[in-house]
1. Counting only residues that are in a helix (DSSP H, G or I) and among the charged types (D, E, K, R), which one in the stretch A:258-298 is farthest from A:Pro200 (Cα to Cα)?
2. Which one is modelled with the highest pLDDT, of the residues in the stretch A:36-56 that are hydrophobic (A, V, I, L, M, F, W, C), more than 12 Å from A:Trp103 (Cα to Cα) and assigned to a strand (DSSP E or B)?
3. Go through the stretch A:363-385 and give me each residue that's in contact (Cβ under 8 Å) with a residue 12 or more places away in the chain, within 14 Å of chain B (Cβ to nearest Cβ) and in contact with a strand residue (DSSP E or B) (Cβ under 6 Å, 6 or more places away or on another chain).
4. Hey, does the stretch B:100-112 have a residue that's in a strand (DSSP E or B), touching a Lys or Arg at 6+ places or on another chain (Cβ under 7 Å), free of Cβ contacts under 8 Å to residues at least 60 places away in the same chain and polar (S, T, N, Q)?
5. Considering the stretch B:43-53 alone, what residues qualify as being among the hydrophobic types (A, V, I, L, M, F, W, C) and more than 10 Å from chain A (Cβ to nearest Cβ)?
6. Kindly indicate which of A:Thr334, A:Thr316, A:Thr309 is farther than 30 Å from A:Asn408 by Cβ, within 11 Å of chain B (Cβ to nearest Cβ) and surrounded by fewer than 19 Cβ atoms within 10 Å (Cβ to Cβ).
7. Go through the stretch A:388-406 and give me each residue that's within 14 Å of A:Thr277 (Cα to Cα) and either in contact with a helix residue (DSSP H, G or I) (Cβ under 9 Å, 6 or more places away or on another chain) or of a type in the set (A, V, I, L, M, F, W, C) (or both).
8. Among (1) away from chain B (no Cβ under 12 Å); (2) closer than 23 Å to A:Val204 by Cβ; (3) modelled with pLDDT of 90 or more; (4) crowded, with 16+ Cβ neighbours inside 10 Å, there is one condition A:Arg301 misses while meeting the rest; what is its number?
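The values are calculated or read from the model by the stated rules, or taken from the named source; none is laboratory data. It should be emphasised that the depicted structure is a prediction, and the values quoted were computed from it without experimental measurement. Here Cβ is always computed from backbone atoms with ideal geometry, including for glycine, and neighbour counts include all displayed protein chains.
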Amino acid sequence: MKTKFMACLLISQLFLLPRIGISQTVETINDANFVTFTFNSACEDCATQNNAGVYIVDVPSASTPALAKSQSLKDLNLQVTLKNDRVVYTFSFKPGTSPRAVWRKGATVLQVFFVPGADNLATTVSDGGPKPVAALNSSMAPVSDASLNSPSTANLVTAMTTTVAPLPSQTPNSSFTPINRDAPGSTAFTNVDMSVPESPAFTVLGVTPETVIRPTSPRAFATSLLNGVDVNGNFQSGLAMDFVPYLLVAGDDLTLRKYQTSPIVRLLSRSQFSFGTTKGASEDDKSMRLALGLHVALWDRGDPRLDETLMECLSTFRLPPPPTQLECELLDNTPESIAAFNKCQEGAEAARLQRAAQVQEATEFNNSVSTRCRDEAQKRNWNRSSWIIGAAPSWISTTGQTKDMHWNGGGFWTSLAYGFEGVPGLENRSQLIAHVRYRNREQVPDPDITGAFLSQDSLFFGARFRHGSPTFNGSFEYTFLRSRFAGQRYDSSSRLSLLFERRIAGDTWFNLSLGGETGRQDGRNNGFVLTSFKWAFSDRRNVPTPQ
Amino acid sequence: MAHKRVNLNSGGSLPQVELRFGNALFAKYDVFLFDRNGSNPQPIKTDQLNSDNIPDIYTVGTTLSDLHQEILFWQAAISVLDNQPNQNYLMRAIITQDGNVLGTFDKRGPIVNTVIDQDTVRFIVG
């Protein structure tokens, strides 16, 4: 039955391929290779994934789309698989081709482009449609989070002055985080990312480099920089670097006690710089983008180096017994020395083997202790108070020459977390986070013109309170977004949401979620109240249970 | 590989060894003194931690003349404290006599979880 269904589905899709109109795309991107998925309604629960030469589009079976492909796309090997209540479309792509998914028309149209060229990387952009993979790791469009994900959000960008710009520049070797629906916090209402990106430079450039150079010495840093420029002194594309300047120059002298006792040393050690460059995606686009990023943990009560319990746990390490015999040396040519040397050599090999086995045994024990201790520390400190800031200015050179660089906007992030330390009942189970981010001249896809991008300024504020226990989880979230496209007025909207999850019995949970939006210029403020019972084989929660 | 040498002033006082571990990593360590033939280890200090308030400096030997040709051995179990990639460890021993640094001996390398490393130095008095 299932096989028949799949066969019918596949045949129907193939018949539809030549019929679907794709005039808008053809007008804008000539000779582009792409596949278009057209849905009857906004596909809220669709997902895309790039997985080692295979691109996957995962849709609910109730939202089966019509498919079309561009004329220039040859040899499309499409496989359709039914998995429970999902239909999974899988197609392979050639090495050196980078799939790029673009959601359009309020999440009713998905186009997957296959952009040729080694300088491109696989990425996903969205005009407010279903959460694509790239948005999950907040690298492409950090403001397009849950509060922006409703199809109606796309209408925010109507009547904009469009600037046909090249696709955002990319760097090679980007990677995707696989879709994980069972991951804690994966539901639509709890996935607002309120963290400061570890490498703000990559976030501003909209890339997730797979290969990041992390020099650990001044020499390695200098070598990396030299390798990153060409013979004319221009930065090469795809350069991604992440480093802590203080550790580069003073890491050798930084002992644990110095770190623990000096606030200045801690601040310097937690100040991380990132640096990235990207290049235009086509022959016509020689633009080079460059960004610098700074990530500083100004205050962190969850710092493992200050965790006395962790130190106590690690103190159970084992050291092997001292060797019974060190390496033999002939000290001089006296008979006594020669005799001693010969005697030493007799037992040296056995001692060496014994020592190696003892070191191996102790190392295995210590590895297991260290992993356990650090895991426990991570669980213990998950909600500790902290204050982190991040900033990343960026520049662009339309010629690709470093000397022609000029300002191209940037981003600022800050997150302040309070872990209720010393407050009984909340100390280990609750967390309050406030997050602000500002993005200037962020390139976001134009919902109306394929391949065109708009420059957007946005201010986002979010606050979240989470509390969890084995039988009850709750979350309260407020988000505010103020944004405008270049030359337009600001639009502001805010959203409140509440989530409760209560275990009724065994694996049966009662879920209640409610909330709503306010302040939208288009008046499409949505409200929602959802209740459901869930009986689960897995331990998935809509609200992550604090450890 | 031959043991490294450090020359002690015969007119000076007993030498001291200080162990330091760079990049703010955790370490638990031992220090032993071996005889001139590289056997019969005698503990100077064992199971010490770099995370406590106790200075990681120890006086070596009982008389200076007895230290001639003897071998100082130290070993440490070093651990990362977070999951940051590309971490490196540095185990450094600084030998001093009467406040003068006679030698600095480094062992370094990459570390993912834990590492046990060791080093030696032979004393030459005179």
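1. Looking only at the stretch A:258-298, we keep the residues that are in a helix (DSSP H, G or I), and these are A:258-261, A:263-269.
Imposing the further condition that a residue be among the charged types (D, E, K, R) reduces the set to A:258, A:266.
Details: A:Lys258: 28, A:Arg266: 20 Å.
Once the filter is applied, the top-ranked residue is A:Lys258.
2. To start, the set of residues in the stretch A:36-56 that are hydrophobic (A, V, I, L, M, F, W, C) comprises A:37, A:39, A:42-43, A:46-47, A:52, A:54, A:56.
From what's left, more than 12 Å from A:Trp103 (Cα to Cα): A:52, A:54, A:56.
Checking the rest, the ones that are also assigned to a strand (DSSP E or B) come to A:54, A:56.
On the way: A:Val54: 74, A:Ile56: 81.
Here the answer is A:Ile56.
3. Listed by number, the residues that qualify are A:Asn366, A:Ser370.
4. Initially, the stretch B:100-112 is screened for residues in a strand (DSSP E or B), giving B:100-111.
After this cut, where a residue has to be touching a Lys or Arg at 6+ places or on another chain (Cβ under 7 Å) as well, the list is B:104-106.
Keeping just the survivors that are free of Cβ contacts under 8 Å to residues at least 60 places away in the same chain gives B:104, B:106.
From what's left, polar (S, T, N, Q): B:104.
Checked the stretch B:100-112: at least one residue is in a strand (DSSP E or B), touching a Lys or Arg at 6+ places or on another chain (Cβ under 7 Å), free of Cβ contacts under 8 Å to residues at least 60 places away in the same chain and polar (S, T, N, Q).
5. Restricting attention to the stretch B:43-53, the residues satisfying the condition of being among the hydrophobic types (A, V, I, L, M, F, W, C) are B:44, B:49.
Residue satisfying the conditions is B:Ile44 alone.
6. Details: A:Thr334 fails: within 11 Å of chain B (Cβ to nearest Cβ); A:Thr309 fails: within 11 Å of chain B (Cβ to nearest Cβ).
Answer to the check: A:Thr316.
7. Result: A:Ala392, A:Pro393, A:Ser394, A:Trp395, A:Ile396, A:Ser397, A:Thr398, A:Met405.
8. Looking at each condition in turn, A:Arg301 falls short on (2).
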